[in-house]
Each structure stands twice: as C-alpha cells, then as structure tokens.
C-alpha cells in the first residue's frame, strides 16, 4: 500500500462495487464492503509504515529499505533520501493520507452509482 497508489485503487474498488452489484446490495451492504476494504488498506498501510516483519520481503523485493519509504514513494523511484529517518511532516502526511481513504472509496462508489443505468 502506498499513499500515491492507494487512492486510485480505492476509487476503482468503490466504483466497481457500485457498478457490479445490484441495487439491493447498495446501502448497508455497500457500507460494510467499504469498511472492510478500508480496514484491509489501513492494516497493510500500518504494517508497512511500522515495518512489520511480515511485509519486509515485499518492500525489499521492490527495492525499498523501509516500509515508511515504500508508503511515501511507491511507485516513484528513489530520490536519494534513503539514509534519513522520517520526521513529523512525514507522519502528518501519512495520517492525512490514511484519513482520506474512506473518502476515496466513497467517491468511487458514488461515481459508480451515478453511472448506473
């Protein structure tokens, strides 16, 4: 999960849900689907941000030295900041980005609902 790649994925997931499922699956079921999706994204984001051992093979295989670096920079290439430890601005950016995840899913869902025939 990445702060740059997640919003388009969440939007696409919400839109796909709204377009693929019938009207009877909207409403509370859509809310539940959105909550579960956001929960998965938040869990993966937290695991990467705190560099949990279970995500180390993934981020190493993609060439990032820390989960924090992965969250802030994927899919962009490294810009030479590998040795520097994160600061409060990066923490604030991550919190703001993660707080917007429900909005991105809802935006996709709303767009998908409006596009239905």
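Any read-out appearing in this document is the output of simple, stated calculations on the displayed coordinates, not a laboratory observation. Treat the numbers as computed from the prediction; the structure is a model and nothing was measured. Note: ideal-geometry Cβ built from the backbone for every residue, glycine included; neighbour counts use all protein chains shown.
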Could you line up 21, 62 from fewest to most neighbouring Cβ atoms inside 10 Å? 62, 21
Compute a Gaussian network model of the chain, connecting alpha carbons closer than 10 Å, and tell me which residue from 68, 89, 60 fluctuates the most. 89
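Exposure proxy check: 35, 55 ranked by fewest other beta carbons within 10 Å? Present the calculation step by step, with values, prior to reporting the outcome.
Details: 35 12, 55 18.
If I rank by nearby Cβ atoms, fewest first, I get 35, 55.
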For the chain, calculate the relative contact order in percent as a whole number, restricting contacts to Cα pairs under 8 Å that are 6 or more residues apart. 53
Top of 87, 51, 13 by mean-square fluctuation, Gaussian network on the chain, Cα under 10 Å: 87
In a GNM of the chain with a 10 Å cut-off on Cα contacts, which of 36, 107, 48 has the highest mean-square fluctuation? 36
Using alpha-carbon coordinates, inclination of helix 6-20 to the longest axis of the chain, degrees: 20
Scattering profile of the chain at q = 0.10 Å⁻¹ [log10 I(q)/I(0), Debye over alpha-carbon scatterers]: -0.35
Exposure proxy check: 29, 1 ranked by fewest other beta carbons within 10 Å? 29, 1
